[in-house]
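A quick write-up on the structure given underneath.
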Amino acid sequence: MTSRIFEFFNKNTWFFYALGIIMLFPALFWHLGFLAINFPTDEPTRSIVALEMILSGNYITPTINGEFYYNKPPLYNWIIILYYKMAGNYSEFTLRLPVVIHLLLFGLTIFLFVRKHYGNRQGFMVAMVFITSGRILFWDSFLGLIDITFSWLVYTSFMVIYHFHRKKNYLALFLISYLITAMAFLMKGLPSLVFQGITLLVFFIYNKEFKKLFSWQHFLGIGLLLLLVGSYYLAYFQYNTLENVFTTLFNESEKRTIINYGWQRFISHLFTFPFEMFYHFFPWSVLWIFFFRKGFRTMLAEDPFLKFNFLIFIFNIIIYWTSPESYPRYIFMLFPPLFTILVYMFFKDKATNGIYSRIVEYFLMGVMILGIIAAIPMPLLEQTNFVDHAWLKAVVLFFVMSVLTWFYFRLKEQRMVIFVVAMLMLRVGFDWFIIPPRYDDFQVHKTGALKAAEITGDGNLYIFKDSETEHATSFYIALGKKQVLKFKHNNFSVEDFYYLDPRLLPEESYISHYDFQLYRHDQPLKIVKLKEETVQQLNKE
């Protein structure tokens, strides 16, 4: 019986590839909207900007609490708004849905470009290695952040440059890559220009075609970029001055560099950066072992596509390696090129039963065994034993991981794809046991903010002067009241409600209606109405 099972899988190698695709959906969509908006991340910022655009009817100038927001252009907010409109709600699931959809499209893009050079198997593996990397699978893929979508655009631009360069179609190369760069700029600002500039400069210098950068095709591409970006800022200028726009975009990029952090932090970052990246892209970072394989440089030199991927990875990552405040999500677009090289090296080494590929396979099998062990205590731990059907879920996780590990051990030619399925099963286990314990920590703040909106009914609610607030709290209050929560510094009234940091006024100055908590604030915030004498005094100041 056992021999027939393995004979089936040896003959039908497509099975685990199909299973990997199917497993993406429960892994990525399960519990996607379970947690309230994640307060320690940029997710609340994305949500509040999109909501205020809808509430104000102004889709050109981003705002937070009614005040101009300059840190990011609005394209990603328009995308969120599109999903809000299509879904007909403002739920956490809808906010995060673009991330998962675009991650899947990112994977498809990787597959389509890599398969042109190395076939379906390697194209599939590079895409899935990227998607199932620890940082993406267990963090960024379930948060409503901008970076996966931005990275998808930048990576596509990389591949467009290489694809049309091979065809010597320079007009398409420059027009399409600058079209994508314009979209990326309207999403995140200056980093898109840095990626485009470095990639074009390095690639054309390496190919001894530096003069092409002064061709009419290149200038036409730059013109398209200026036309698209300029059109947006021309529309923006109808609502607000451009005085702070570009200085803020520049400062957003500059503040993460040595200029802001100094030499000590810079030197420290140079040494810690590789270890941080190894941790964040675990367990696939084990593939880095191929950097030390004999013949690595020769293999790069002999393959133009590998060489291109190496060039764009190494020259673009230098900016972030030398920037003390760099996060893994800033460089997601650089890891598909890296994994393209390393997956290629793995299969080359495996074809000769090399020691490096065997080390990788043993390492990955160790990770699977740890996954089996991790399932055992889940129904017993205080933090996870309250999960619905905890014993059943733990048994399923234990059983599936055990079966996959057995297949991994026996089906030597399919080990990589079986491990991909195992990683997706571990994400399902993560959805079952790790996400639910986080629920109360975030939900209490969402509940408090929505209750604050409810307490005020149809009355106006403002933030009193410079009372401390958070973007997630502002989002939920604005959502509850269906109006932008704005700051108010003058013209106070006894009729209006105020969101008050009690440190700003003595207790006898107001009538308190509700207390609630911010995520990063020890003292409760209050919803109050001001007393008549307080209003008179404030309006005189």
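Please treat every number below as a calculation from the coordinates, not as lab data. Every value quoted in this text rests on a predicted model; they were computed, and no experiment measured them. Because the Cβ atoms are built from the backbone with ideal geometry, glycine has one as well, and the counts that use them run over all protein chains shown.
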Exercise for review: With a cut-off of at most 15 other beta carbons within 10 Å, and DSSP calling the residue loop, which trypsin sites (Lys or Arg not before Pro) in segment 140-184 qualify? Please list them.
Suggested key: Lys167, Lys168
Check your understanding: How large is the charge dipole for the chain, taken about the Cα centre, if only the Cβ atoms of Lys, Arg (+1) and Asp, Glu (-1) carry charge, to the nearest 20 debye?
Key -> 2820
**Study point:** Label assignment, percent of Cα pairs over 45 Å apart derived from the structure, set [x] 28; [y] 15; [z] 23
**Key:** [z]
Review point. Which of Ser509, Asn316, Thr534 sits closest to the plus end of the dipole of the chain, meaning its Cα is farthest towards the positive end, when Lys and Arg get +1 and Asp and Glu get -1 on the C-beta?
Key: Asn316
Study note, to complete from the structure: Taking Cα pairs closer than 8 Å and at least 6 residues apart, the relative contact order of the chain in percent is 18
Check your understanding: Between segment 331-399 and segment 98-170, what's the alpha-carbon centroid distance in Å?
Key -> 21
Exercise for review: Using only Cα atoms, locate the centre of segment 1-44 and the centre of segment 455-499, then give the distance between them in Å, rounded to an integer.
Suggested key: 43
Practice item. Please turn the phi angles of segment 220-235 into ³J(HN,Hα) values with the Karplus equation 6.51 cos²θ - 1.76 cosθ + 1.60 (θ = phi - 60°), one per residue in order, whole Hz, x for glycine and proline. Key: 5, x, 4, x, 5, 4, 5, 5, 5, 5, x, 5, 5, 6, 5, 5
Check your understanding: With charges set only on the Cβ (+1 for Lys and Arg, -1 for Asp and Glu), what does the dipole of segment 444-540 come to about its Cα centre, in debye to the nearest 20?
Key -> 300
Practice item. Only bridges with both residues in segment 444-540 count here: give the DSSP antiparallel percent, nearest 5. Key: 60
**Study point:** Distant-in-sequence amide H partners of Lys486 (H built 1.01 Å from N, under 5 Å)
**Key:** Ile463
Check your understanding: Hey, rough spin-label estimate for Lys465 and Ile314, points 7 angstrom out along Cα→Cβ, what's it come to in nanometres?
Key -> 5.8
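With both partners inside the chain, how many of the DSSP beta bridges are antiparallel, as a percent to the nearest 5?
Around 65 percent of the beta bridges assigned by DSSP in the chain are antiparallel ones.
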Study note, to complete from the structure: Residues whose built amide H sits under 5 Å from the amide H of Tyr510, excluding neighbours closer than 5 in sequence, are Lys531
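Which pairs break 32 Å Cα to Cα here: Lys85/Lys451; Lys188/Lys350; Lys116/Lys212; Lys211/Lys307; Lys85/Lys212; Lys188/Lys529?
Numbers: Lys85/Lys451 25 Å; Lys188/Lys350 40 Å; Lys116/Lys212 26 Å; Lys211/Lys307 21 Å; Lys85/Lys212 44 Å; Lys188/Lys529 40 Å.
Checking Cα-Cα distances, Lys188/Lys350; Lys85/Lys212; Lys188/Lys529 exceed 32 Å.
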Review point. So, counting K/R as plus one and D/E as minus one, what does the shell of residues with Cβ under 15 Å around Ser215 add up to?
Key: +3
Review point. How many angstrom separate the Cα center of segment 267-317 from the Cα center of segment 47-89?
Key: 38
